[in-house]
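The values are calculated or read from the model by the stated rules, or taken from the named source; none is laboratory data. Please read all numbers here as calculations on a predicted model, not as lab measurements. Virtual Cβ from ideal backbone geometry, glycine too; neighbours counted across all protein chains shown.
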Amino acid sequence: MLSAVRGLKDLFSWLGAIAWFGAKGLIQALKPPYELAEISRQIYEVGYRSMPLIAAAGFAVGAVMSMHTRASLERFGAESLIPMGLGLALIKETGPLVTALLFCGRVGAGIGAELGAMRVTEQIDALESLAVDSFKHLVVTRVVACMIALPLLTTLMNFTGIIGGYTAETVISGMSFNLYFDRALSAIDFEDYIPATGKTILFGFMIATISSYLGYHTRGGTAGVGQASTKSVVFSSILVILANVIVVKAIFFFFPGAAE
Amino acid sequence: MTGEIAIRFDRVSKRFDEMPVLDNVSFDVRRGQAFCILGRSGAGKSITLRQMIGLMLPDSGNIFVLGENVTQLDAAGLTRIRKQVGFLFQYSALFDSISVGENVAFPLRRHTRMSGSEIQHRVGELLDQVGLEAHRHKMPSEVSGGMRKRVGLARALALDPTVLLVDEPSSGLDPVTSLEIDELLLSLKQQRGTTIVVVTHNIPSARRIGDTLAFLHEGRILETGTPQQLENSRQELVQRFMSVEGGT
């Protein structure tokens, strides 16, 4: 019983430390110098270089979802609703969540490992010794870059998902490109797109904060780097999935149209 | 310049998990002097060096660097001090995502208003000084340990520091490269009047570079003096260390 209480206390203290780390990151992001060159480099690293993975995954997810949807809907003779159903599912939920989870795997692990390696090889101390604020240079830039890159990658995932769905559908039914897109986008308006994609800004912030925290505070040599990388993926994935529940509820509250 | 105090440790103590690493340590480093801190592994030498630029803070005591109390400085104050103090890490700590030349250019880009071509020229000079101008476009992983150390030295010298802190300059190096680095440090002291603090196990190196040696043991300074004085120390441990690790 006592150890359970202690474990709970440690968990809350750890979450508090991460929350403070993230809040400090946001505050520092608003103060000059803005490290624009490093932010651009990070957007390239976490965003541009994730594009092939996101595009390929989006295409595959779209194709598979389309095939499953067809299997269900053709029993009711409602195949014409496949593009609309796929578009809504992708843009409202599947696209943002799958992109965020893939981002945890690729970028979260990378940030945890990179900062962890920089910590154990004294590169972070070297930055400080060169009169550079290592937190601002390494953490703030990654947090900002992830908050910018993840919504853009989500949009890419949505787009390639619809392309994947179209490819699967056209093989079976020969539906034209124009008709498919027209139907897929017919039921989607900005109330669907903006909140669902906007929430990935929060996911980007969470993934970057958790991974940076674990990497920045790495101890114990190369074993510590491995642990930081693994924990970055595990904890950021869990927190993204849990936060998604709360965020979806908040979206329904603030954007009632999104629940329809 | 000589005679003024560049660094003062005033009753500094540091503990890790209740284990004392530094216990009431006091010493002065005069400007323009080369001061070597000797001692066995785990004696607290590197921690002493790191505390000089606030990479680690003591539990008690004061550390004055160039007249400012490092233990009381805010972030802006630490930045001001760090721009005047170069630090060469034991394993160089080069940024492995950028080239050798960009490592040396890094502090110049951050803290000077030099143009791109001026920075390139200065990087060329610094790398030439350590004999690595031909390797400026290589990545740190493509050069040897000795070369990395020399790049680290060039980076530490980029802002023309008043004080240079060097952690184990000869660890992992062959005797010739080690000698070259010692000669470079000596020329810095003689030509630019740079104050140098070196942490080392290497007694021949300490003899070559050091004006004053301090022997640190179990968190305390056992003895401070010239190389000659330490060799003739009455303390058995100091004498043994100077002779066992010795040679000339």
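Filtering segment B:188-233 down to residues that are small (Gly, Ala, Ser) and free of Cβ contacts under 8 Å to residues at least 24 places away in the same chain, which residue is surrounded by the most Cβ atoms within 10 Å (Cβ to Cβ)? Give the steps one after another, and end with the answer.
Of all residues in segment B:188-233, those small (Gly, Ala, Ser) come to B:193, B:205-206, B:210, B:214, B:219, B:225, B:233.
Now drop any that are not free of Cβ contacts under 8 Å to residues at least 24 places away in the same chain, which leaves B:225, B:233.
Details: B:Gly225: 15, B:Ser233: 17.
Only one residue tops the list, namely B:Ser233.
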Of the criteria (1) more than 30 Å from B:His137 (Cβ to Cβ); (2) of a type in the set (Ser, Thr, Tyr); (3) not assigned by TED's automatic domain parsing to the domain that holds B:Ser171, which one B:Ser60 fails: (3)
Search result, residues across segment B:90-140 that are at the interface with another protein chain (Cβ under 10 Å from one of its Cβ atoms), among the polar types (S, T, N, Q), in a loop (DSSP other than H, G, I, E, B) and in contact (Cβ under 8 Å) with a residue 24 or more places away in the chain: B:Gln90, B:Ser92
B:Leu185 being surrounded by 15 or more Cβ atoms within 10 Å (Cβ to Cβ), touching a helix residue (DSSP H, G or I) at 6+ places or on another chain (Cβ under 6 Å) and closer than 17 Å to B:Phe27 by Cα: no
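Among the residues of segment A:218-260 satisfying the criterion of being assigned to a loop (DSSP other than H, G, I, E, B) and surrounded by 15 or more Cβ atoms within 10 Å (Cβ to Cβ), which is modelled with the lowest pLDDT? Before the answer, list the steps.
Within segment A:218-260, the subset assigned to a loop (DSSP other than H, G, I, E, B) is A:218-220, A:255, A:260.
Cutting the leftovers down to surrounded by 15 or more Cβ atoms within 10 Å (Cβ to Cβ) gives us A:218, A:255.
Working: A:Thr218: 96, A:Phe255: 83.
The residue in question is A:Phe255.
Go through segment B:153-171 residue by residue and tally those that are free of Cβ contacts under 8 Å to residues at least 40 places away in the same chain and on the phi > 0 side of the Ramachandran plot.
Step one: filter segment B:153-171 for residues free of Cβ contacts under 8 Å to residues at least 40 places away in the same chain, giving B:160, B:170.
Of the ones still in play, those that are also on the phi > 0 side of the Ramachandran plot are B:160.
Total meeting the criteria: 1.
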Matching residues, segment B:80-89, being in a helix (DSSP H, G or I) and either modelled with pLDDT under 95 or within 7 Å of another protein chain (Cβ to nearest Cβ) (or both): B:Arg82, B:Lys83
Test for A:Thr155: is it of a type in the set (Ser, Thr, Tyr) and under 20 Å from A:Val240 (Cβ atoms): yes
Any chance A:Leu202 is surrounded by fewer than 15 Cβ atoms within 10 Å (Cβ to Cβ) and within 15 Å of the chain's Cα centre (by Cα): no
Where a residue in segment A:215-228 is closer than 20 Å to A:Arg142 by Cβ and its partner, wherever it lies, is hydroxyl-bearing (Ser, Thr, Tyr) and not in a helix (DSSP H, G or I), with Cβ under 8 Å and at least six apart: A:Gly224/A:Thr218; A:Val225/A:Thr218; A:Gln227/A:Thr218; A:Ala228/A:Thr218
Selected residue (only one of A:Glu79, A:Glu74, A:Glu35, A:Glu45 is acidic (Asp, Glu), surrounded by 12 or more Cβ atoms within 10 Å (Cβ to Cβ) and without any contact (Cβ under 8 Å) to a residue 60 or more places away in the chain): A:Glu74
Residue in segment B:196-210 that is of a type in the set (Ser, Thr, Tyr) and part of a helix (DSSP H, G or I) present: yes
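Residue under question is B:Leu173, and the condition is that it be out of contact with any Cys (no Cβ under 6 Å at 6 or more places or on another chain), part of a strand (DSSP E or B) and closer than 22 Å to B:Arg40 by Cβ; does it hold? Give the steps one after another, and end with the answer.
Numbers: out of contact with any Cys (no Cβ under 6 Å at 6 or more places or on another chain): yes; part of a strand (DSSP E or B): no; closer than 22 Å to B:Arg40 by Cβ: yes.
No: the conditions fail for B:Leu173.
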Test: residue in segment B:141-152 that is farther than 29 Å from B:Val25 by Cα, assigned to a helix (DSSP H, G or I) and more than 20 Å from the chain's Cα centre (by Cα): yes
Number of the condition not met by A:Ala184 [criteria: (1) surrounded by 19 or more Cβ atoms within 10 Å (Cβ to Cβ); (2) closer than 22 Å to A:Met147 by Cα; (3) modelled with pLDDT under 95; (4) in contact with a Pro (Cβ under 8 Å, 6 or more places away or on another chain)]: (2)
Inter-residue pairs, beta-carbon under 8 Å, first within 7 Å of chain B (Cβ to nearest Cβ) and in segment A:119-137, second acidic (Asp, Glu), 6+ apart: A:Thr121/B:Asp96; A:Gln123/B:Asp96
A:Arg106, sole failed condition from (1) more than 14 Å from chain B (Cβ to nearest Cβ); (2) out of contact with any Leu (no Cβ under 9 Å at 6 or more places or on another chain): (2)
Residue within segment B:72-90 that is surrounded by fewer than 17 Cβ atoms within 10 Å (Cβ to Cβ), over 23 Å from A:Val132 (Cβ atoms) and not polar (S, T, N, Q) present: no
